[in-house]
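Some notes on the structure that comes next.
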Amino acid sequence: MEIAVACYDVTKLFPNTEVFGMTAQIRRSAASIPANIAEGHGRESTGAFIQFLRVAQGSLKELETHLILAGRVGLLNDAKVSQLLGQTEEIGKMLRSLVRSLQQKT
């Protein structure tokens, strides 16, 4: 959830011309991460949970790509991109660990 909130905050500073572009893409992919984790957790099987965690990992990679692009086109400064990518890296590690742990149980 923290990465989604951080992305909403930083995209508030984007120009209005980006509301249907990078703003929407960053917000959608960021919100998708915790949403897929929550939806998977609510499923009745470990296999389904793992699948939703993998979807969350895909959304995380999508978010990383959008953040890098936002930096390259000048919507975000390098420090903010690095900070956000640091958070995504940490989330990625947690997701991979959780998937591995759940796979070992099945």
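Go through segment 66-106 and count every residue that is in contact with a Gly (Cβ under 8 Å, 6 or more places away or on another chain) and closer than 25 Å to Val55 by Cβ.
2
Residues of segment 66-106 being under 17 Å from Cys7 (Cβ atoms), surrounded by 12 or more Cβ atoms within 10 Å (Cβ to Cβ) and of a type in the set (Val, Ile, Thr), which ones?
Once the filter is applied, which keeps residues that are under 17 Å from Cys7 (Cβ atoms), surrounded by 12 or more Cβ atoms within 10 Å (Cβ to Cβ) and of a type in the set (Val, Ile, Thr), segment 66-106 yields Ile68, Val81, Thr88, Ile91.
Filter segment 38-64 for residues that are touching a residue at least 24 places away in the same chain (Cβ under 8 Å) and of a type in the set (A, V, I, L, M) and give the result.
Ile50, Leu53, Ala56, Leu60, Leu63
Please count how many residues of segment 34-59 are basic (Lys, Arg) and modelled with pLDDT of 95 or more. Walk me through it before giving the result.
We begin by selecting, within segment 34-59, every residue basic (Lys, Arg); these are 43, 54.
Then keep just the ones that are modelled with pLDDT of 95 or more; that gives 54.
Residues that pass the stated criteria total 1.
Please find, within segment 1-14, the residue that is farthest from Ser82 (Cα to Cα) out of those that are of a type outside the set (Phe, Trp, Tyr) and touching a residue at least 60 places away in the same chain (Cβ under 8 Å).
Filtering segment 1-14 for residues of a type outside the set (Phe, Trp, Tyr) gives 1-7, 9-13.
Next cut, touching a residue at least 60 places away in the same chain (Cβ under 8 Å) only: 2-3, 6-7, 10.
Details: Glu2: 16, Ile3: 13, Ala6: 13, Cys7: 13, Val10: 13 Å.
By that ranking, first place goes to Glu2.
The values are calculated or read from the model by the stated rules, or taken from the named source; none is laboratory data. The structure presented is a predicted model; accordingly, all values stated were derived computationally and were not measured. Backbone-built Cβ (ideal geometry, glycine too); neighbour counts: all protein chains shown.
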